[in-house]
Amino acid sequence: MGSSESESLARELLSASESGKMVDPPPSTRPGFDLDTAYQVEGILKHWREAAGHKSVGRKVGYGNKAMWRVLKLETLVWGHMYDDTVHQTKGNSGALALAHSRSLKVEPEIVFGLKQRVTGDPSDAAAALAACDWLAIGFEIIDCPYPDWKFQPSDFVASFGLHAALVIGERVQVRPELIPQLAEQLPRFKVKMFRAGEFVEEGSGRNSLKSPALCLAELGAAVARRFPVEPLSAGEIVSSGTLTAGHLTAAGDKWKVEIEGLALPPLTLRFT
């Protein structure tokens with residue numbers, strides 16, 4: 001797929017995002033479209049969004065589960081950019097969110113990292129990844145699928161903003177150097193419980209994010225550096241490190257709460273208006 005075709009596809013996906021239209025069939029069914037092309041399209045979309053005044057503030061992870069890599073012929077996880085108009089900080093660990101032109105929303109609890117330096121080194125070194133962090137928090141990643149029946153390939157995911165609709169971040173906890181060994185032990189083992197309207201929905205674990213959100217961050221840093229060596233994962237970026245449970249369909253009127261056990265983070269609530 002040539003540059004003019006990539007730009008045409010980017011316009012199609014941007015228009016779909018802004019209007020709430022579906023994209024059928026997905027780009028992966030089209031000749032010449034692969035993961036390399038998907039990142040080209042994602043880069044074009046990033047350029048257009050920033051030209052329109054929406055600064056990129058970080059990246060969100062997709063396919064933070066190695067069992068899926070073999071099935072989907074992936075060598076590593078994938079990612080998309082997040083923006084200053086899609087990332088929201090809560091006050092008092094409670095937020096409200098309204099999303100225009102949404103199609104099929106899901107909500108996912110994730111560990112969010114704020115970086116103070118570039119993430120480099122061994123993708124299996126959780127402590128080194130944590131040493132690059134200024135803070136961490138629990139967050140709700142909201143994804144919106146433009147493809148019918150939630151059926152898509154990793155390349156489709158990347159090309160359509162990583163399905164990113166919004167990120168809502170709870171209280172930020174500083175990652176102090178003396179806490180890193182403890183955090184490296186806690187992050188694979190901690191539990192989360194998801195509630196909708198006060199009713200228990202699902203329990204998840206840090207292991208669901210590449211065996212640890214810190215390892216997911218380390219893998220992302222290595223993967224970004226390999227693919228885009230001049231655009232590494234760097235200081236100031238926010239990283240949403242992969243879902244800790246299944247994604248759950250949601251709509252206006254829903255109220256979600258995530259509780260955390262085994263990690264010193266307060267509960268977070270989110271209401272869809």
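Each value in this text was obtained by applying a stated rule to the coordinates, not by laboratory testing. Keep in mind the model is a prediction, meaning the values are calculated, not measured. Heads up, the Cβs are rebuilt from the backbone with ideal geometry, glycines too, and the neighbour counts pull from every protein chain shown.
Could you tell me the convex hull volume per residue, in Å³, taken over the Cα atoms of the range 181-234?
Roughly 116 Å³ of hull volume per residue.
Within straight cross-link reach of Lys46, meaning Cα distance under 16 Å, which aspartates and glutamates are found once same-chain residues fewer than 8 apart are removed?
Correct list for Lys46: Glu7, Glu12, Glu18, Asp36, Asp84, Asp85, Asp156, Glu231, Glu237.
Can you compute the modelled spin-label distance between Arg226 and Ser4, with each label point 7 Å from Cα toward Cβ, in nm?
Modelled inter-label distance: 3.4 nm.
Taking the highest mean first, how do the peptides 159-166, 84-91 order by number of other beta carbon atoms within 10 angstrom per residue?
So the peptides 159-166, 84-91, ranked by packing, come out 159-166, 84-91.
Along the charge dipole of the range 3-272, pointing to its positive end and built from +1/-1 on Cβ of Lys, Arg, Asp and Glu, which listed residue (Cys145, Leu220, Phe272) has its Cα farthest out?
Of the listed residues, the answer is Phe272.
Among Ser240, Ser19, Ser209, whose mean-square fluctuation peaks in a Gaussian network model of the chain (Cα, cutoff 10 Å)?
In this elastic network of the chain, the residue with the biggest mean-square fluctuation among Ser240, Ser19, Ser209 is Ser19.
Looking at this model, which pairs from Lys55/Lys106; Lys66/Lys116; Lys21/Lys191; Lys211/Lys257; Lys91/Lys151 are more than 32 angstrom apart at the alpha-carbon?
Exceeds cut-off: Lys21/Lys191; Lys91/Lys151.
Please grab the % of Cα pairs in the chain that end up more than 28 Å from each other.
Roughly 31 percent, once rounded to a whole number.
Given Cα pairs under 8 Å that are at least 6 residues apart, what percent is the relative contact order of the range 3-272?
26
How far apart, in nm, are two points set 7 Å out from the Cα along the Cα-to-Cβ line at Glu50 and at Phe200?
It works out to 4.6 nm between the two label points.
Placing unit charges on C-beta atoms (Lys and Arg positive, Asp and Glu negative, everything else neutral), compute the dipole magnitude of the range 3-272 about its Cα centre in debye, rounded to 20.
So the dipole magnitude of the range 3-272 works out to roughly 320 debye.
Would you mind getting me the FRET efficiency between Thr29 and Lys66? Use the beta-carbon distance for r and R0 = 25 Å, nearest 0.05.
Calculated value: 0.45.
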